[in-house]
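The values are calculated or read from the model by the stated rules, or taken from the named source; none is laboratory data. Quantities reported herein were computed from a predicted structural model and do not represent experimental measurements. So basically every Cβ, Gly included, is an ideal-geometry build from the backbone, and we count neighbours across all protein chains shown.
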Amino acid sequence: MTRKVLRGATVIDGTGAPRRSADVVLDGDHIAEIVEPGRASGDEVVDLTGLVLAPGFVDCHTHYDAQVLWDPDLTPSCWHGVTTVVMGNCGFGIAPTRPEDRETIARTLENVEGMSVEALTAGIPWTFETFPEYLDAVDRTPLRLNAAVMVGHTPLRTYVMGADATERAATAAEVARMRALVGEAIDAGAVGFATSKSPAHAGAYGKPVPSRLAEPDEIYAIGEALAARARGVFAVTNGPDFYVEQLAELSKRTGRPVTWTALAASASSPTALETLERQASYGGDVWPQVACRPIVMQLTLADPFPFARAKAFTEVLALPHDERAARYVDAAWRERARADMARKFGARWDRISIQETGRHHDLVDIPLSELAAARGVDPLDAMVDLALEDDLATRFRFVLANDDEGDLAAVLRDERSLLGLSDAGAHASQLCDAVFSTYLLEHWVRDTGVLTLEQAVWRLTDHPATVFGLTGRGRIAPGFAADLVAFDAEMVGPEPPERVHDLPAGADRLLARSRGIAHVWVNGEPIVRDGNDLAARPGTLLRGKA
């Protein structure tokens, strides 16, 4: 194996320890030693003078479950110093899935994760049915990054209960079957179990996603599969009947870590910090997950997922695309929608504006509250009319959360929260938050000084690796995997997003490159050198061990 010396960098090891100058020696796919600068010898020396050398970043909240099978480079995460991604979040995924349920699963991902059903249909090679078979399919894929996968409650429930999964609670026999299948998934290498209880998650044909029909006892019972093996993490999208108290209970019953989404920072009460304090009061090994960016979506009324909390828009999501415009014209629907939106989003019309349009160029960036007042109509009517005049192609910018910078800064400084929620691979036409790592280093370290570089690197590396049981990842230490990133701390950051049409079937998405990422190694092999992408795919499936 080639012995490689990384020389001249400021080393930040991921643990939160102070930076230092050192030579880092790689021996094949692992870190061999860390020695005083200039002391190491090897077959190859890489000069990193002026750069920071850190462990490769871990993105613990992605939805690459389908994309990984047609885009093994896992773009755009691979451009932002990420070396490991965790998939299967929010309880969504594509296995286990019977052939007769493939369309239902695709349409669920379309509604809740903003994925193009045409891209999913064209891009997924269905060579698997069970979850272990899916893991094997990922394992056979030549990956650019490392990937870890959780088994999702929604496909699991559909697999066991069929159409009833969206209609009722599970029987004792069905829960036992789900518990057994989760045990099988953990044995095969799943790193955890994920579920969603969020009222916003309306799935195929506008019905609640299957996991929303699960009673808390079902989740506790399935959790026994992880407890029995003393392995795996729980990832939960919370809901009214599964929040801070139940999340703590899940952790205490199983002895396993729990992370949940999303801890949102806003000017409303309670603040995110108050919620964090409340969660801590219940005990357990629980990690509220926070995004480091304002959560902003670009949505069209052709795919109005962010409005799914309003019942009238759940009706729209239940319709085929070619029937949605007619529903928006219907006067009775509008009356229901005005009332629903007033209850759920009434105070947020000033956070919604036109972002992209083929017709209303003079109205871009003006809040809908102002546009509605100028037209003398309800904001709902203004939005729908503007969309209809543009054949539903108008994209509205909606600031959903994390709009209070002070509250968000306080949570990012608090080590009881977990950095995540990039949603990489999901909502591809609506946002590009896969840039969270370079944004964190630019905004929260360099621009505002809210975090030190050591704190930020810990949040991006050792902390998520530890919570998710990714043994041997997330630190610069002897014996650890040689997943590393070298970056220019004075330059690192995300570039502006661009809309491209590179998904299967020509579907569009937003992509953003980075600046300041000079080198990236995955398992000791470079995938970025001197800022240039290399045609290398040294990543691997990380099967759960702890």
Some residue of the range 460-470 being among the polar types (S, T, N, Q), surrounded by 17 or more Cβ atoms within 10 Å (Cβ to Cβ), touching a Phe, Trp or Tyr at 6+ places or on another chain (Cβ under 8 Å) and closer than 30 Å to residue 193 by Cβ: yes
The range 66-111, residues that are in contact with a Leu (Cβ under 9 Å, 6 or more places away or on another chain) and β-branched (Val, Ile, Thr): 68, 75, 82, 83, 84, 85, 86, 94, 105
Residues within the range 229-264 that are among the aliphatic types (A, V, I, L, M) and over 17 Å from the mean Cα position of the chain (by Cα), tallied: 5
Candidate set from the range 85-114 (those that are out of contact with any Asp or Glu (no Cβ under 9 Å at 6 or more places or on another chain) and either surrounded by 24 or more Cβ atoms within 10 Å (Cβ to Cβ) or in the same structural domain as residue 314 (by TED's automatic domain parsing) (or both)); member that is modelled with the lowest pLDDT: 112
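Which of the following residues is touching an Asp or Glu at 6+ places or on another chain (Cβ under 7 Å) and touching a residue at least 60 places away in the same chain (Cβ under 8 Å): 482, 428?
Working: 428 fails: touching an Asp or Glu at 6+ places or on another chain (Cβ under 7 Å).
After ruling out the rest, the residue left standing is 482.
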Odd one out for residue 288 among (1) outside the structural domain of residue 463 (by TED's automatic domain parsing); (2) in contact (Cβ under 8 Å) with a residue 12 or more places away in the chain: (1)
Residue match in the range 12-22 (condition: at pLDDT 95 or above, more than 32 Å from the chain's Cα centre (by Cα), among the hydrophobic types (A, V, I, L, M, F, W, C) and within 21 Å of residue 458 (Cα to Cα)): yes
Test result for residue 507, in contact with a Pro (Cβ under 7 Å, 6 or more places away or on another chain), surrounded by fewer than 24 Cβ atoms within 10 Å (Cβ to Cβ) and at pLDDT 95 or above: no
Checklist (1) of a type in the set (A, V, I, L, M); (2) touching a Lys or Arg at 6+ places or on another chain (Cβ under 8 Å); (3) touching a residue at least 40 places away in the same chain (Cβ under 8 Å) applied to residue 451, failing item: (3)
Matching residues, the range 238-248, being crowded, with 21+ Cβ neighbours inside 10 Å and part of a helix (DSSP H, G or I): 247
Looking only at the range 249-278, and only at residues there that are surrounded by fewer than 17 Cβ atoms within 10 Å (Cβ to Cβ) and modelled with pLDDT of 95 or more, the one that is nearest to residue 229 (Cα to Cα): 255
Selected residue (criterion: nearest to the chain's Cα centre (by Cα)) from residues of the range 483-501 that are closer than 21 Å to residue 71 by Cβ and surrounded by fewer than 20 Cβ atoms within 10 Å (Cβ to Cβ): 497
Qualifying residue in the range 26-44 (condition: surrounded by 13 or more Cβ atoms within 10 Å (Cβ to Cβ) and within 21 Å of residue 445 (Cβ to Cβ)): no
Selection from the range 268-318 of residues that are within 22 Å of residue 110 (Cα to Cα), in contact with a His (Cβ under 9 Å, 6 or more places away or on another chain) and assigned to a loop (DSSP other than H, G, I, E, B): 302, 303, 308
Residue within the range 238-245 that is in the same structural domain as residue 68 (by TED's automatic domain parsing), of a type in the set (Val, Ile, Thr) and touching a strand residue (DSSP E or B) at 6+ places or on another chain (Cβ under 6 Å) present: no
Within the range 38-93, strands (runs of 3 or more DSSP E) holding 3 or more residues that are within 17 Å of the chain's Cα centre (by Cα) and of a type in the set (A, V, I, L, M): 82-87
Unique match (being in contact (Cβ under 8 Å) with a residue 60 or more places away in the chain, among the small types (Gly, Ala, Ser) and closer than 30 Å to residue 324 by Cα) among 204, 190, 235: 204
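Show me the strands (runs of 3 or more DSSP E) found entirely inside the range 135-237 where at least 2 residues are surrounded by 19 or more Cβ atoms within 10 Å (Cβ to Cβ) and aliphatic (A, V, I, L, M).
Numbers: elements: 146-152, 192-196, 233-237.
Strands (runs of 3 or more DSSP E) meeting the threshold: 146-152, 233-237.
So, in the range 492-527, how many residues would count as being closer than 14 Å to residue 53 by Cα and either touching a residue at least 12 places away in the same chain (Cβ under 8 Å) or among the hydroxyl-bearing types (Ser, Thr, Tyr) (or both)?
At the first step, the residues of the range 492-527 found to be closer than 14 Å to residue 53 by Cα are 492, 516-522, 524, 526.
Going one step further and asking which of them are either touching a residue at least 12 places away in the same chain (Cβ under 8 Å) or among the hydroxyl-bearing types (Ser, Thr, Tyr) (or both), we end up with 492, 516-522, 524.
Here the count works out to 9.
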In the range 298-311, residue farthest from the chain's Cα centre (by Cα) [restricted to those that are buried (at least 22 other Cβ atoms within 10 Å of the Cβ) and among the small types (Gly, Ala, Ser)]: 310
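Among 314, 394, 357, which is touching a strand residue (DSSP E or B) at 6+ places or on another chain (Cβ under 7 Å), of a type outside the set (Lys, Arg), free of Cβ contacts under 8 Å to residues at least 40 places away in the same chain and not assigned by TED's automatic domain parsing to the domain that holds residue 115?
After applying the criteria, what remains is 357.
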